[in-house]
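Worksheet for the structure shown next.
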Protein chains: 2
Amino acid sequence: MNESEFVAALRKLPLHKGARGLEDDCAILAIGSETLVITHDMMAEDTHFRPHADMADVAWKLLASNLSDLAAKGAEPIGVLLGYSLGSDDARFLEGLAEGLRTYGVPLMGGDTVATTGTSTYGLTAIGRATHVPVPSRKGAAPGDGIFVSGPVGRAMLGYEGDPDHLSAFNRPLPRLAEGIALAPHVSAMMDISDGLLLDCWRMAWASGVTFALESAAVPVASRARMQECLRWGDDYELLFTLPEGIAPPIAATRIGTVRSREHAPLMLDDMPLPDPANLGYRHG
Amino acid sequence: MNESEFVAALRKLPLHKGARGLEDDCAILAIGSETLVITHDMMAEDTHFRPHADMADVAWKLLASNLSDLAAKGAEPIGVLLGYSLGSDDARFLEGLAEGLRTYGVPLMGGDTVATTGTSTYGLTAIGRATHVPVPSRKGAAPGDGIFVSGPVGRAMLGYEGDPDHLSAFNRPLPRLAEGIALAPHVSAMMDISDGLLLDCWRMAWASGVTFALESAAVPVASRARMQECLRWGDDYELLFTLPEGIAPPIAATRIGTVRSREHAPLMLDDMPLPDPANLGYRHG
């Protein structure tokens with residue numbers, strides 16, 4: 001099976017209502033008077049990082065990608081559990097993890113380690129406390145809303161290619177936790193851009209039953225000359241969100257388009273319909 | 001690094017107080033008026049299961065081993081998140097997972113899937129609600145307490161070897177959820193026996209600062225002729241617990257010894273001191 005087929009099969013299993021049909025990046029768990037936000041993301045050698053990657057960067061990114069999912073829910077992190085395959089420069093992994101945990105003030109809660117014989121796989125479960133309910137989802141974008149991004153896209157692409165000005169964007173991405181908390185009470189929909197701006201816009205528009213009309217000239221990109229690639233590359237972990245017309249974002253952000261009623265395609269780029277999510281960004285598996 | 005060294009290094013990271021110093025199987029998270037119990041266990045091909053294992057059994061066991069950690073805390077499961085490596089008979093894995101979730105009435109909350117190129121690794125995060133606080137730990141065994149097990153040990157060993165009467169004990173272990181909930185208000189210490197009775201007794205005695213004096217003849221074993229092996233083999237997922245003298249267990253259970261003040265060794269078997277945890281059970285990594 002590929003990832004899409006597997007997830008489709010998972011949807012037929014008994015699901016928690018907080019799983020949101022497995023169509024969101026986090027589970028939402030109302031418990032007593034609080035609401036928790038829980039996510040589990042993995043990274044695998046060859047797929048998510050190169051065999052000779054600095055394991056400190058891998059650890060940082062594993063933490064950052066999970067915290068970014070919490071950021072998109074306006075959640076403040078409570079702690080993380082680590083699932084670790086021993087063997088690939090464990091000491092460097094620990095250094096990067098320690099740096100990340102200290103930078104974000106997030107404690108380790110537990111986890112498990114295993115010895116493996118093949119390529120390494122790492123998992124992290126992040127648990128956060130929702131600062132605003134209802135917790136933002138991908139589903140609430142409504143016609144007339146403005147579409148915003150919290151920062152430029154394409155920096156991770158340039159960093160991946162070795163551009164010294166953008167190495168940290170690829171190796172040490174910064175989850176937008178403070179921004180997500182500031183935005184949560186105001187947004188109609190929010191997600192982090194992990195798989196590419198166009199693909200994630202397509203997904204948010206699809207989930208919301210609307211069409212996103214984007215103006216490419218308005219999108220902040222790391223390289224104007226390579227705009228089409230910047231729009232499709234992932235790993236930047238900026239926030240994508242929609243706000244009702246007339247509401248200004250409470251953080252530095254750029255408006256990149258407008259939500260319309262559903263048209264033929266969920267996504268329009270400079271009035272060109274993009275009905276098919278293929279080739280819009282990074283798709284796993 | 002081996003697993004012990006890695007966990008020792010993890011203990012130097014910023015830890016959540018609910019991590020209990022990474023010396024317990026679960027994290028405890030007080031949130032509002034509720035207390036959550038959270039665990040993450042992994043299984044890896046070659047280490048935890050054979051390359052040609054039925055993936056339905058692997059999925060069941062992954063779920064069962066995590067639910068068994070909740071059982072030892074007297075927690076009732078809320079849901080699980082799955083970390084899955086695509087590729088090894090995914091359909092059978094899904095069947096086993098579905099059977100397990102339905103058997104225990106536990107819903108899926110989320111997770112992640114990755115494509116990998118090597119041996120497969122699976123992780124599961126289980127979240128439960130504590131039914132009794134303080135949540136039982138390994139630490140509370142006190143001199144004079146009785147030591148009990150909830151059922152025989154060694155069944156998984158016989159099942160692993162192919163004994164048809166015990167195959168299900170190895171392939172489809174049953175976490176003692178109802179028993180754990182019944183026990184939680186009464187026990188002074190509790191854990192599940194995942195790595196072998198003697199090793200887990202040693203660990204509980206060590207954590208509690210006492211000595212466990214066991215009588216081998218009292219221990220329920222799957223094969224009396226192979227008692228020494230039964231005492232050391234893991235994967236049975238029975239509950240090990242201590243009760244203050246005079247308190248009868250509220251479930252069917254067998255008394256196997258008595259807690260004493262710490263002597264030279266944390267563990268005595270038929271008056272033979274066993275100071276060293278090496279060779280007492282299954283040690284990973």
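The values are calculated or read from the model by the stated rules, or taken from the named source; none is laboratory data. The shown structure was predicted, so the numbers you read here are calculated from the model rather than taken from an experiment. We place every Cβ from the backbone using ideal geometry, glycine too, and count neighbours over all the protein chains shown. The protein model used for the area step is the full one, side chains on, heavy atoms only, and it has no ligands, DNA or RNA in it. Shrake-Rupley method; radii C 1.70, N 1.55, O 1.52, S 1.80 Å.
Looking only at segment A:65-82, which residues are in contact (Cβ under 8 Å) with a residue 60 or more places away in the chain and buried (at least 22 other Cβ atoms within 10 Å of the Cβ)?
A:Ser65, A:Asn66, A:Leu67, A:Ser68, A:Asp69, A:Leu70, A:Ala71, A:Ala72, A:Lys73, A:Gly74, A:Ala75, A:Pro77
Can you find a residue in segment A:55-63 that is open to solvent by 10 Å² or more (accessible area, probe 1.4 Å) and more than 24 Å from B:Ala8 (Cβ to Cβ)?
Yes.
Results for (1) over 21 Å from A:Leu62 (Cβ atoms); (2) modelled with pLDDT of 95 or more; (3) open to solvent by less than 40 Å² (accessible area, probe 1.4 Å), shown as yes or no for each residue.
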{"position": "A:Asp165", "(1), (2), (3)": "yes, no, no"}
{"position": "A:Gly180", "(1), (2), (3)": "no, yes, yes"}
{"position": "A:Val187", "(1), (2), (3)": "yes, yes, yes"}
{"position": "A:Trp202", "(1), (2), (3)": "yes, yes, yes"}
{"position": "A:Pro220", "(1), (2), (3)": "yes, yes, yes"}
{"position": "A:Arg255", "(1), (2), (3)": "yes, yes, no"}
{"position": "A:Arg262", "(1), (2), (3)": "yes, yes, no"}
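Identify all residues within segment B:35-63 that are under 19 Å from B:Asp24 (Cβ atoms) and aliphatic (A, V, I, L, M); write none if there are none.
B:Leu36, B:Val37, B:Ile38, B:Met42
Test A:Leu97 against the stated conditions and say whether it is within 11 Å of chain B (Cβ to nearest Cβ) and either open to solvent by less than 10 Å² (accessible area, probe 1.4 Å) or of a type outside the set (Val, Ile, Thr) (or both).
Yes, satisfied.
Which of the residues belonging to segment A:154-178 are assigned to a loop (DSSP other than H, G, I, E, B) and under 15 Å from the mean Cα position of the chain (by Cα)?
First, the residues of segment A:154-178 that are assigned to a loop (DSSP other than H, G, I, E, B): A:154, A:161-166, A:172-176.
Hits for segment A:154-178 are A:Gly154, A:Arg172, A:Pro173, A:Leu174, A:Pro175, A:Arg176.
Go through segment B:181-215 and give me each residue that's over 22 Å from B:Ile251 (Cα atoms), over 15 Å from the mean Cα position of the chain (by Cα) and of a type in the set (Phe, Trp, Tyr).
B:Trp206
Being under 21 Å from B:Met190 (Cα atoms), within 10 Å of another protein chain (Cβ to nearest Cβ) and either of a type in the set (Ser, Thr, Tyr) or open to solvent by 10 Å² or more (accessible area, probe 1.4 Å) (or both) narrows it down to one of B:Thr116, B:Thr125, so name that one. Steps first, answer last, please.
Values: B:Thr116 fails: under 21 Å from B:Met190 (Cα atoms).
Going through B:Thr116, B:Thr125 in turn, just one is under 21 Å from B:Met190 (Cα atoms), within 10 Å of another protein chain (Cβ to nearest Cβ) and either of a type in the set (Ser, Thr, Tyr) or open to solvent by 10 Å² or more (accessible area, probe 1.4 Å) (or both): B:Thr125.
Exactly one of these conditions fails for A:Ala169: (1) open to solvent by 40 Å² or more (accessible area, probe 1.4 Å); (2) closer than 28 Å to B:Ala115 by Cα; (3) more than 8 Å from chain B (Cβ to nearest Cβ); (4) at pLDDT below 95. Give me its number.
Among (1) open to solvent by 40 Å² or more (accessible area, probe 1.4 Å); (2) closer than 28 Å to B:Ala115 by Cα; (3) more than 8 Å from chain B (Cβ to nearest Cβ); (4) at pLDDT below 95, A:Ala169 violates only (1).
Run B:Glu45 past the list (1) closer than 17 Å to B:Asp235 by Cα; (2) facing another protein chain (nearest Cβ under 7 Å) and report the number of the one that doesn't hold.
Looking at each condition in turn, B:Glu45 falls short on (2).
Look at segment A:36-90 and say how many of its residues are among the small types (Gly, Ala, Ser) and over 21 Å from B:Ala44 (Cα atoms).
Count: 10.
Does B:Ser85 fit the bill of being buried (at least 24 other Cβ atoms within 10 Å of the Cβ), under 23 Å from B:Val7 (Cα atoms) and within 10 Å of another protein chain (Cβ to nearest Cβ)?
Judged against the criteria, B:Ser85 is not a match.
Mind listing just one residue for me: the one in segment A:220-263 that is farther than 23 Å from A:Tyr282 by Cα and free of Cβ contacts under 8 Å to residues at least 24 places away in the same chain and, of those, farthest from the chain's Cα centre (by Cα)?
Among those that are farther than 23 Å from A:Tyr282 by Cα and free of Cβ contacts under 8 Å to residues at least 24 places away in the same chain, it is A:Gly246.
Can A:Ala141 be described as in a loop (DSSP other than H, G, I, E, B) and farther than 30 Å from B:Met43 by Cβ?
yes
Mind listing just one residue for me: the one in segment A:100-113 that is part of a helix (DSSP H, G or I) and facing another protein chain (nearest Cβ under 7 Å) and, of those, surrounded by the fewest Cβ atoms within 10 Å (Cβ to Cβ)?
Taking the candidates together, the pick is A:Arg102.
Sort out which residues of segment A:163-181 are among the small types (Gly, Ala, Ser) and either in contact with a Lys or Arg (Cβ under 8 Å, 6 or more places away or on another chain) or closer than 18 Å to A:Met227 by Cα (or both), and write them in order of number.
To start, the set of residues in segment A:163-181 that are among the small types (Gly, Ala, Ser) comprises A:168-169, A:178, A:180.
Correct list: A:Ala169, A:Gly180.
Taking segment B:1-37 as the search range and keeping residues that are crowded, with 17+ Cβ neighbours inside 10 Å, part of a strand (DSSP E or B) and touching a residue at least 60 places away in the same chain (Cβ under 8 Å), which one is nearest to the other protein chains (Cβ to nearest Cβ)?
Of everything passing the filter in segment B:1-37, B:Leu36 is nearest to the other protein chains (Cβ to nearest Cβ).
Could you list, in sequence order, all residues of segment A:266-282 that are buried (at least 18 other Cβ atoms within 10 Å of the Cβ) and of a type in the set (A, V, I, L, M)?
Across segment A:266-282, the qualifying residues are A:Leu267, A:Met268, A:Leu269, A:Leu274, A:Leu280.
Looking at the structure I just gave you, is B:Gly151 away from every other protein chain (no Cβ under 14 Å) and not in a helix (DSSP H, G or I)?
The answer is yes for B:Gly151.
Quick one: B:Ser216 ticks every box in (1) away from chain A (no Cβ under 14 Å); (2) open to solvent by 40 Å² or more (accessible area, probe 1.4 Å); (3) over 30 Å from B:Asp89 (Cβ atoms) bar one, so which box is it?
It fails just one condition, (2).
With the condition kept exactly as written, say whether any residue in segment A:137-160 is touching a Leu at 6+ places or on another chain (Cβ under 6 Å), assigned by TED's automatic domain parsing to the domain that holds A:Tyr237, within 20 Å of A:Asp54 (Cβ to Cβ) and open to solvent by less than 30 Å² (accessible area, probe 1.4 Å).
Yes - at least one qualifying residue is present in segment A:137-160.
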